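Trainee: Here's a structure for you.
The values are calculated or read from the model by the stated rules, or taken from the named source; none is laboratory data. Being a predicted model, the structure only gives us computed values, none of them experimental. Here the Cβ positions follow ideal geometry from the backbone for every residue, glycine too, while neighbour counts run over all protein chains shown.
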């Protein structure tokens, strides 16, 4: 098992290198570089003169040949130096350490809410299969599968503005400093984002549950006369959870993509918003850094999920494969 | 009697053919009602997309300052937006954009994915390994993030959206095709075919390809819905289809403020259209998956 | 029954895992630095106060800043200690923290090197300059750190006398050396320092030097009718030499100024917090206890924040509030009671920019034909908050008034004669069969509405335009290199003064994207630039505009107004007419 983990961790490196190369190249496909954006700003009110542009290019290190820029950056990453933001001159690592916990809080909270809602809903649906209630739940669920995140988010915040004349407090308060403000700030995007994931998880729970319920041992438990609740809790649910756990891991990438949108709509200073701002201002270092961190997160979560799966299901032994 | 009936049917006069198809459809609908609903939605979207210029009430691009933010009523069934443009017409044209993007990008990604995944898997690990590494690296991005970065570089433009989504979904498609091909390869008969002297092309065409069709169809249908969703997100952020071309995503983006003030229903309709269309593809994809390959249950 | 093993395998670990996760979330979010701003008092939605009795403090008018005769030096002026704003006779109230929107994270602390509003909006309150514009009328130059000034007879020497006792926020005294050093740094940045905006404002300045402990002398290379105005711009600031001397390049990491507000902290990506400077050299000001600038990049969210009162003042320029949002506010009785929308002339121009160096646009007849075909009335209607103009905004005192313009061909309502004339010109120039051109436009409003309108106008005389949407930064590069045929033009000048407004028509100027060149225009421009008499300047500027209207290098579509919105409880100043003069909130106060 240990060897497996090590092997997986080692495999991170080529994947991350590949990711870094891809994003490095993507950001440089077309001209119109960061020096312009840094001077001109998004509204275009900045002033760009030839001398300023040349000095800015020099300052930002954009004059070096691409291979050297890439190697400098990758070598820096090995030492946890992700470069400096081209627009705010703040080290990217500092931005990451400030913003990443926020995004993770949003992602984890969303996942927890989604799971907490979806599992009972899916179970309930499975137990009452084909009843009207089941149909209603399924319809609500499949709508959640299809409804785009940006739409739910926009409707949420604009409904808050229109009907309650209220938006969440601006900025971001840590949950330890000011839990109530933090709650107000994060609950809305988490719920909005969670809707889609509730749908996905509930669906999987339902079908997984249905399959488990058909199994021999469950029927045996019924036959033995065990109470329904005991059967569900002790036998069926746990076994049904395994594909769900994998699903949560797979959905994590989608979840991260969703946080990007929600952070933008609700003005939460997380990694997703850094990414969007970086893209709009052509701040290469920030975009590259965010993307690499996102990729790393996804790899870590996938590994954790695989390990969790192995732990839950003793039949799967990674040590021997 | 049988043969008479058969010969009658085989004459296939139009009304008879129609009835035959009708019976098939009704049977399908009764067996899988959700899939039928999905198919219906998709057909409606297709009709809207194809016949858009004919069925719209007014030009979706024409600015009419005399009827700004008119609530839904007789003239404009879904109201008008902040430039006086009819929302329903724009939604119908939006269907055209969304379907164009979805179909083109998924078609490209299918082709590329089939080539990369299938050929790689077939010819063994020397070619397969590097391809797989690159595909893995591409899949380590959340799809929206990669699409976003690509669009930011390429510039907001309809065809760039198609290219970006195609690039993002190629690795995922390639992976599915690859596992299908590997499954076929595991069977002995490909080896046998090689032994007998069949060329690679023949084997690919006659043995491998047919087995990949099923998973390809399933993955394509689901990805069509996802492509529409991603295009919407990109347009919402501002790096997708640029205004004034109506895309459901940029319609929601443009209507957000109006919702807060005067017209709460305005961002509702494009979002509903998008949701329904994606829903249609999801339902159909599920049904297809159930029919064609139950092994693909885990999404 | 091998499956029975599953029973208790998952139960407890699942609970353990969940609690681990929750704990992890708490730990992680605790690591996230709290970026909570200071609690804001909710803005009250009261009506504006009943005018108070006349202000207790005498208001001495500052001396005229524009000497009409270069022969006599302007008399020294006493500082207007407390000047009541907005013409109303309200007494400013003290206290309160104002919340303002900043559109982007702050890109640098060094205001000399900055060009963007995300720097000027917060830091115009911390760094100030020698002069400023009156917050009431927005035009008159009044003292800031310089209490008086004289101009030499030939107009090339300005001597400014500083207020005594000005201190930096870190306690050190302000010296005239530091002032001179700042001016020189802005006008002639040393190697490694860029100053695109400030150096543009100080064009013509040769050097600044400290004469003695109280006076600074600025020498120009030629007399300038706009120099005083430019010196009064918010971007001309004095930065701490004693701190910057030890920093290289763009490494300033502290914010120490002489302004009415002190820098407290910058919560990265969230907010900038300022607090009242109790040792400000004007004891009666500022009125506010502090200002918080919230960084909200998304315009939609910013509007939601304004509407719900989380911010009480928008940012400036094009990102402040859109025409649609403004209309929504003004048409809603509840909202318009709470929120005020201000309009002021922006020095920006929107027009059709052909590349004057290439065919067919080299031929002035073709340009004139295009201008005749353009339907300016429709453009103004669609653009909202816009006016028809020639080459200078008619809202400023420099441009030809609208009433006069609309009588002329091309600008008048009836287009039939103009179209006929345009077609004739096209035929004369050899384009009777028309021509196909690509039309570049900026993403967003330009491409969305203006380009189709312009396209249909031009199509009537045979110019078939294919619309090519392009990103702004790419456009700027294309324009700088001149690699285009025709484009929709939309640009702002940093100052509402002909010295700034007309530079884009000078031969070889960096902003002359249309690549127009006319020796007469160049000559007249030089002349008006050196004229100190403002009415004489106006005469010359008129001649320039008439000539430009004849040659039509860049036919205008409209001149847009800037919009700014604020809660009515925020008083003390008005926005405009210059873009960068109302960011200094020294005179602002909250009516709670």
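Trainee: Would you mind stating whether residue A:144 is in the same structural domain as residue A:248 (by TED's automatic domain parsing), closer than 16 Å to residue A:106 by Cα, at pLDDT 85 or above and out of contact with any strand residue (DSSP E or B) (no Cβ under 7 Å at 6 or more places or on another chain)?
Mentor: So residue A:144 fails the test.
Trainee: What do you reckon, is residue C:318 assigned to a helix (DSSP H, G or I) and over 29 Å from residue C:276 (Cα atoms)?
Mentor: no
Trainee: Being within 28 Å of residue A:268 (Cβ to Cβ) and surrounded by 21 or more Cβ atoms within 10 Å (Cβ to Cβ): is that true of residue C:319 here?
Mentor: yes
Trainee: Looking at (1) within 14 Å of chain A (Cβ to nearest Cβ); (2) more than 25 Å from the chain's Cα centre (by Cα); (3) free of Cβ contacts under 8 Å to residues at least 24 places away in the same chain, can you tell me which one residue C:199 breaks?
Mentor: Condition (2) is where residue C:199 drops out.
Trainee: For the stretch A:146-182, how many residues are within 11 Å of chain B (Cβ to nearest Cβ) and at positive phi?
Mentor: 1
Trainee: So, in the stretch B:70-116, exactly how many residues are within 21 Å of the chain's Cα centre (by Cα) and within 14 Å of chain C (Cβ to nearest Cβ)?
Mentor: 1
Trainee: Would you mind telling me which numbered condition in (1) out of contact with any helix residue (DSSP H, G or I) (no Cβ under 9 Å at 6 or more places or on another chain); (2) within 14 Å of chain A (Cβ to nearest Cβ); (3) touching a residue at least 40 places away in the same chain (Cβ under 8 Å) residue C:265 fails?
Mentor: (3)
Trainee: Only one of B:128, B:136 is farther than 24 Å from residue A:283 by Cβ, out of contact with any strand residue (DSSP E or B) (no Cβ under 6 Å at 6 or more places or on another chain) and at the interface with chain A (Cβ under 7 Å from one of its Cβ atoms). Can you tell me which?
Mentor: Result of the check over B:128, B:136: B:136.
Trainee: Still on this structure, I have one more. Read through the list (1) over 21 Å from the mean Cα position of the chain (by Cα); (2) surrounded by 22 or more Cβ atoms within 10 Å (Cβ to Cβ); (3) more than 14 Å from chain C (Cβ to nearest Cβ), then give the number of the only condition that residue B:183 fails.
Mentor: (2)
Trainee: Suppose the filter is over 18 Å from the mean Cα position of the chain (by Cα) and either within 25 Å of residue C:554 (Cβ to Cβ) or surrounded by fewer than 22 Cβ atoms within 10 Å (Cβ to Cβ) (or both); does residue C:337 pass it?
Mentor: Yes, satisfied.
Trainee: Of all residues in the stretch C:295-327, how many are modelled with pLDDT under 90, under 18 Å from the mean Cα position of the chain (by Cα), more than 7 Å from every other protein chain (Cβ to nearest Cβ) and within 21 Å of residue C:574 (Cβ to Cβ)?
Mentor: The number of residues fulfilling the criteria is 6.
Trainee: On to the next question. Can residue C:304 be described as outside any loop (DSSP other than H, G, I, E, B), over 15 Å from residue C:104 (Cα atoms) and free of Cβ contacts under 8 Å to residues at least 40 places away in the same chain? Let's see the steps before the verdict.
Mentor: Details: outside any loop (DSSP other than H, G, I, E, B): yes; over 15 Å from residue C:104 (Cα atoms): yes; free of Cβ contacts under 8 Å to residues at least 40 places away in the same chain: yes.
Yes: the conditions hold for residue C:304.
Trainee: Hey, another quick one. Just to check your reading of the model, which residue among A:96, A:19, A:15 is assigned to a helix (DSSP H, G or I), under 30 Å from residue A:192 (Cα atoms) and facing another protein chain (nearest Cβ under 7 Å)?
Mentor: None of the others qualify; the one that does is A:19.
Trainee: Here is a follow-up. Do you know which of the residues in the stretch B:53-71 that are over 22 Å from residue B:255 (Cα atoms) and touching a helix residue (DSSP H, G or I) at 6+ places or on another chain (Cβ under 9 Å) is surrounded by the most Cβ atoms within 10 Å (Cβ to Cβ)? Before the answer, list the steps.
Mentor: Taking the stretch B:53-71 and keeping what is over 22 Å from residue B:255 (Cα atoms), we get B:53-55.
So of that shortlist, the ones also touching a helix residue (DSSP H, G or I) at 6+ places or on another chain (Cβ under 9 Å) come out as B:53, B:55.
Details: B:53: 10, B:55: 12.
Selected residue: B:55.
Trainee: In the list C:544, C:540, which residue meets the criterion of being within 27 Å of residue C:228 (Cβ to Cβ), outside any strand (DSSP E or B) and without any contact (Cβ under 8 Å) to a residue 24 or more places away in the chain?
Mentor: Of the residues listed, the single one that is within 27 Å of residue C:228 (Cβ to Cβ), outside any strand (DSSP E or B) and without any contact (Cβ under 8 Å) to a residue 24 or more places away in the chain is C:540.
Trainee: If you take just the helices (runs of 4 or more DSSP H) that sit entirely in the stretch C:150-242, which of them hold at least 2 residues that are under 24 Å from residue A:51 (Cβ atoms) and at pLDDT 90 or above? Give the steps one after another, and end with the answer.
Mentor: Details: elements: C:176-187, C:196-201, C:227-231.
Correct list: C:176-187, C:227-231.
Trainee: Oh, and also: Would you confirm whether any residue within the stretch A:111-131 is outside any loop (DSSP other than H, G, I, E, B) and either within 14 Å of chain B (Cβ to nearest Cβ) or in contact with a strand residue (DSSP E or B) (Cβ under 9 Å, 6 or more places away or on another chain) (or both)?
Mentor: No, there is no match, as no residue in the stretch A:111-131 is outside any loop (DSSP other than H, G, I, E, B) and either within 14 Å of chain B (Cβ to nearest Cβ) or in contact with a strand residue (DSSP E or B) (Cβ under 9 Å, 6 or more places away or on another chain) (or both).
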